[in-house]
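Please treat every number below as a calculation from the coordinates, not as lab data. The model shown is predicted, which means the values in this text are computed figures rather than measured ones. Using ideal geometry, Cβ is built from the backbone for each residue, glycine included, and neighbour counts are taken over all protein chains shown.
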Amino acid sequence: MSPRAALTIGAILALAFGLALALAPIQTLGGFGMATPPEALVVSRDIGVTLIGIAFINWLARDSIGDAVRGILIGNIVIQILEALVNGWEVATGIIPTPALGGVVLHLVLAIVFWLGLRRA
């Protein structure tokens, strides 16, 4: 997979999830079986706007080459692997409900997408 394709996929998904978490946190968190106390809404919106920022970085870096694109792809891989580990641990310990395992799978798939892009960078 080309770095451009990997960053495009990453940008689209980060924007979609970012908008959902920022603009509709109750519905988004509820879809993962999570409660939505006020503190969760604050964190959800914060994560949402961070994802929107990552979406813009990925989108604008699609045509980059060399160290710049490799750095962005590696950063995306690190984010996805750490998110998968953290979310997997949270499900395993009962901090978040089992339906959130779908997010772990998505993070692992995205890590693979970015790794495939890195191989061609």
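Here are the numbers:
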item	result
Given (1) part of a helix (DSSP H, G or I); (2) surrounded by 15 or more Cβ atoms within 10 Å (Cβ to Cβ), number of the condition LEU82 does not satisfy	(2)
Answer residue from segment 100-121, given it is buried (at least 18 other Cβ atoms within 10 Å of the Cβ) and of a type in the set (Val, Ile, Thr) and is farthest from the chain's Cα centre (by Cα) among those	VAL113
Any helices (runs of 4 or more DSSP H) falling wholly within segment 1-67 and containing at least 2 residues that are among the aliphatic types (A, V, I, L, M) and more than 15 Å from the chain's Cα centre (by Cα)	3-23, 38-60
Some residue of segment 99-107 being farther than 19 Å from LEU15 by Cα and either charged (D, E, K, R) or without any contact (Cβ under 8 Å) to a residue 24 or more places away in the chain (or both)	yes
Leading residue by the ranking (farthest from ALA111 (Cα to Cα)) among those in segment 85-96 that are in a helix (DSSP H, G or I) and among the β-branched types (Val, Ile, Thr)	VAL91
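Residues are listed down the side, and each one gets a yes or a no for (1) buried (at least 18 other Cβ atoms within 10 Å of the Cβ); (2) acidic (Asp, Glu); (3) out of contact with any helix residue (DSSP H, G or I) (no Cβ under 7 Å at 6 or more places or on another chain):
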site: LEU7; (1), (2), (3): yes, no, no
site: GLY31; (1), (2), (3): no, no, yes
site: THR36; (1), (2), (3): no, no, no
site: VAL42; (1), (2), (3): no, no, yes
